[in-house]
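Reviewing the structure listed below.
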Amino acid sequence: MNLVTVIGAGPAGCEAALQLARRGVAVRLVEMRPGTMTPAHRTGDVAELVCSNSLKSDEPANAHGLLKAELREYGCFLLDCAERARVPGGKALVVDRERFSAEVASALAEAGITVERGEVRELPDGIVVLAAGPLISDALADSLARALGAERLFFFDAIAPVVSAESVDRAVAFPGSRYGAGADYLNCPLSEAEYRRFVDELVRAETAPVRDFEPARLFEGCLPVEELARRGPETLAYGPLKPVGLRSPAYAVVQLRQENAGGTMFNLVGFQTRLRHGEQRRVFRLIPGLARAEFLRYGAMHRNSYLDAPRVLGPTLAARARPGLFVAGQLTGVEGYVESIGAGLVAGVNAARLGRGQEPRAWPEETMLGGLLRYVATGPGDTRFQPMNANFGLLPPALCAGKQDDTVFSPTPGPGLPRQKPRARTKKHQRRELMVERALAAAREWAARQ
Ligand SMILES: Cc1cc2nc3c(=O)[nH]c(=O)nc-3n(C[C@H](O)[C@H](O)[C@H](O)COP(=O)(O)OP(=O)(O)OC[C@H]3O[C@@H](n4cnc5c(N)ncnc54)[C@H](O)[C@@H]3O)c2cc1C
């Protein structure tokens, strides 16, 4: 079998390289650090975690935990390394980042993979896994754009939060588009008093610190909502929250736009933000209809390059215009360390399949990994496609019998002991449980067929 070139020794590239080696494929793994650094990396280590050392929840009932459970079924190398580098972190998988990189370096060495150092400026011929990350070097980004026939890579400086559809209070939020053009949006109406309170809290809320590499100058066309609010008390009411064209007496309206084909996720239109996650929950829940909003993705601001994946990638992560080119990691439009590792695993497995003359395969869509990659390949095209992390809105809905709210009581305690408080087990919980069971069963079956 031919050699496969993997570009980038971040979490995605390392996982891809290890999956290739496991399948007997010779790997050339190229990393530009430490000779050429990115604005965020600090070392020349492989699989450097650029920011937090948390790989998020490890509980399968949580979307991030489910993704990990699936990846373990597929024999993910980097999660094994993370386990060996684990430090106490409650329900999350938290690692000592240096130990984690050292474990990945050992795994690569054990697999006979040496890391070649140097910047790749042109996409090489042959089968390639491109895992150069959101801080891909400019020369390689240009070469990629030419190869894919894409006009450019997307550079977004801000992303808006996404909430689950089922957490929006439909007794308050009403459907409708401006000027009667359909009912594609959900609209959260604010009275004048509600608007003033919201703006007051928004301008006072705490923002996340700006890292060195981020542009000090904010782009006018993509201003964070809190920056707009600081320009004047009426700026939002005449901007993204203007109530016009909606046949509503509200003073201001927050619009929610459907985020995925299944209608399970909605984003807050015009709400790109730098607020800390806790502040997003606190302040955005002041919006009528969002009091119980479940945040599937938080708004964020940082430099972030990624492909217009729905246009250029298939669900196998092969480029539509060049089937021997697989893209992995955050560059595909997935967001997060474990999501990037998952995309690396898929790209590595599929690159090996192609090398053996087999068809690359799409992952089952009822799994978290499959749902994520399906979103990447089929999500909203053009400039509306934004990075996505693991969440239950990506999975097909699970139907379950029963009443709206089936309350399950804890077992009756012994005589003389107080009866325990009933533990509410709602239909939503049951649906989640079904989704988790279904995803894990599909992942096991998939792994058994590998
Ligand atoms: C500043 C920042 C902070 C983040 N914080 C978090 C966080 O806290 N938690 C989280 O879950 N996710 C976070 N992310 C998102 C994401 O999880 C990480 O970016 C993750 O590292 C992506 O993995 P990757 O392997 O795709 O890319 P990377 O880890 O960036 O790896 C890509 C590698 O390719 C190399 N490379 C680039 N161009 C070339 C070239 N031309 N030739 C050779 N090598 C090249 C780079 O040096 C790098 O080592 C953050 C992203 C950024 C940008």
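The values are calculated or read from the model by the stated rules, or taken from the named source; none is laboratory data. Bear in mind the structure is a predicted one, so any value in this text is a computation, not a measurement. Heads up, the Cβs are rebuilt from the backbone with ideal geometry, glycines too, and the neighbour counts pull from every protein chain shown. With ligands, DNA and RNA removed, areas are computed over all heavy atoms of the protein, side chains included. Shrake-Rupley method; radii C 1.70, N 1.55, O 1.52, S 1.80 Å.
The figures follow:
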read-out	value
Surface share of carbon and sulfur [accessible, 1.4 angstrom probe, percent] for the chain	52
Rounded tilt (10° steps) of 337-355 against the dominant C-alpha axis of the chain	40
Spatial separation of Cα centroids for region 88-103 and region 338-371, in angstrom	25
R0 of 56 Å, Cβ-Cβ distance residue 291-residue 2: FRET efficiency to nearest 0.05	0.50
Between 0 and 90°, nearest 10: helix 192-204 axis offset from the chain longest Cα axis	40
Share of pairwise Cα separations in region 162-297, more than 20 Å, in percent	45
Region 245-338, Rg to Rh (Cα coordinates; Rh as Kirkwood inverse mean 1/r)	1.07
Å³ per residue enclosed by the Cα convex hull of the chain	174
Protection proxy ranking of 36-46, 327-337 - average other beta-carbon atoms within 10 Å, highest first	327-337, 36-46
Mean Cα-pair separation over length for the chain, i.e. relative contact order, pairs under 8 Å, 6 or more apart, %	20
Simple label model, 7 Å out from Cα along Cβ direction - residue 22 to residue 139, nm	3.4
Cα centroid of region 279-298 to Cα centroid of region 104-121, whole Å	43
Cβ-placed point charges (K, R +1; D, E -1), dipole of the chain about Cα centre in debye, nearest 20	1000
In order through region 268-285: 3J(HN,Hα) via Karplus (6.51 cos²θ - 1.76 cosθ + 1.60), integer Hz, x for Gly, Pro	8, 5, x, 9, 4, 8, 10, 4, 4, 4, x, 6, 4, 4, 5, 7, 6, 6
Given charges at beta-carbon only (K, R positive; D, E negative), |dipole| of region 162-297 in Debye	80
Shape category assigned to region 45-149 from the gyration tensor of Cα positions, a/c cut at 1.5	prolate
Per-peptide average of other Cβ atoms within 10 Å, ordering 229-238, 78-87, 431-440 highest first	78-87, 431-440, 229-238
Estimated distance in nm for a label pair at residue 428 and residue 99, the labels positioned 7 Å out from Cα along Cα-to-Cβ	3.6
Anisotropy class of region 12-56 from Cα gyration tensor, a/c 1.5 cut	oblate
Packing-based ranking, highest mean first, of 11-22, 93-104 given that Cβ atoms within 10 Å are counted	11-22, 93-104
Only Lys, Arg (+1) and Asp, Glu (-1) charged, at Cβ; region 67-162 dipole about Cα centre in debye	360
Surface accessible to a 1.4 Å probe, per residue, for the residues of region 162-297, Å²	48
Tilt relative to the chain, helix 427-449 - C-alpha long axis, 0 to 90 degrees, to 10	10
